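I have placed the structure first, in the form of structure tokens, so that the comments after it can refer back to it.
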Amino acid sequence: KAGVTQTPRYLIKTRGQQVTLSCSPISGHRSVSWYQQTPGQGLQFLFEYFSETQRNKGNFPGRFSGRQFSNSRSEMNVSTLELGDSALYLCASSFGQGESSPLHFGNGTRLTVT
Amino acid sequence: QKEVEQDPGPLSVPEGAIVSLNCTYSNSAFQYFMWYRQYSRKGPELLMYTYSSGNKEDGRFTAQVDKSSKYISLFIRDSQPSDSATYLCAIYTGRRALTFGSGTRLQVQP
């Protein structure tokens, strides 16, 4: 069974630009979550989607947004990029929405903002 | 006080040693606890998932939850150089959001 797939693996963008990251969950998984990982702050929750609806959002500015499609694939968008947005962005999927379903992570997209 | 605290290490042990990794948490209402392993340039890989108190064993790995002390542990028996990685504890702290510890970097010396 294929794992969580994230594309692209690496991105370099300039301040002020916007970026879209893509995530394909494990087959059959309907919940997709996004996390940001930085050396200083560690792993921080961005948002979670289930059945194309955002169910929960972390403490990030409105420049961070996402969506989920009917096939459970998800995209994350960051607008007006800042240097501090440089991070590893991780997507995770789970079968159900409840906390009894653990998260399985992809290998992430490494975003560098210059 | 942080919701989840983890000693960042690094922790260096000889091959074959028993490794003990630990986290503390702030809220006794938390019920779901996970341990992830992360290799360099990879995403976190789920190792253990436990509910409420008690022990759970999977091969060389044992996860332990002590709710009275708000303390979770991961034990690795017969550690191997391939176990060298960063280990992250994670807890569901509400509304499906995982809160992670800062991670402990483990190095197993051959």
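Per-structure values
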quantity	calculated
Any chance A:Gly84 is surrounded by fewer than 16 Cβ atoms within 10 Å (Cβ to Cβ) and modelled with pLDDT of 95 or more	yes
Positions within the range A:48-65 being under 21 Å from A:Thr5 (Cα atoms) and within 14 Å of another protein chain (Cβ to nearest Cβ), in sequence order	A:Glu48, A:Tyr49, A:Phe50, A:Ser51, A:Thr53, A:Gln54
Candidate set from the range A:13-38 (those that are over 9 Å from A:Arg73 (Cα atoms) and small (Gly, Ala, Ser)); member that is farthest from the other protein chains (Cβ to nearest Cβ)	A:Gly16
Subset of the range A:66-106 (residues that are outside any strand (DSSP E or B), closer than 18 Å to A:Thr20 by Cβ and either within 14 Å of chain B (Cβ to nearest Cβ) or touching a strand residue (DSSP E or B) at 6+ places or on another chain (Cβ under 6 Å) (or both))	A:Arg73, A:Leu81, A:Asp85, A:Ser86, A:Gly106
Test result for A:Phe45, within 13 Å of chain B (Cβ to nearest Cβ), surrounded by 14 or more Cβ atoms within 10 Å (Cβ to Cβ) and closer than 24 Å to B:Glu45 by Cα	yes
Residues of the range B:71-110 classified as crowded, with 23+ Cβ neighbours inside 10 Å, more than 14 Å from chain A (Cβ to nearest Cβ) and in contact with a Ser or Thr (Cβ under 7 Å, 6 or more places away or on another chain), total	0
Single condition B:Arg60 does not satisfy, out of (1) more than 20 Å from A:Asn56 (Cβ to Cβ); (2) touching a Pro at 6+ places or on another chain (Cβ under 6 Å)	(2)
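The values are calculated or read from the model by the stated rules, or taken from the named source; none is laboratory data. This structure is a prediction, so every number in the text was calculated from the model and none was measured. Counting neighbours? That spans all protein chains shown, and the Cβs are built from the backbone with ideal geometry, glycine included.
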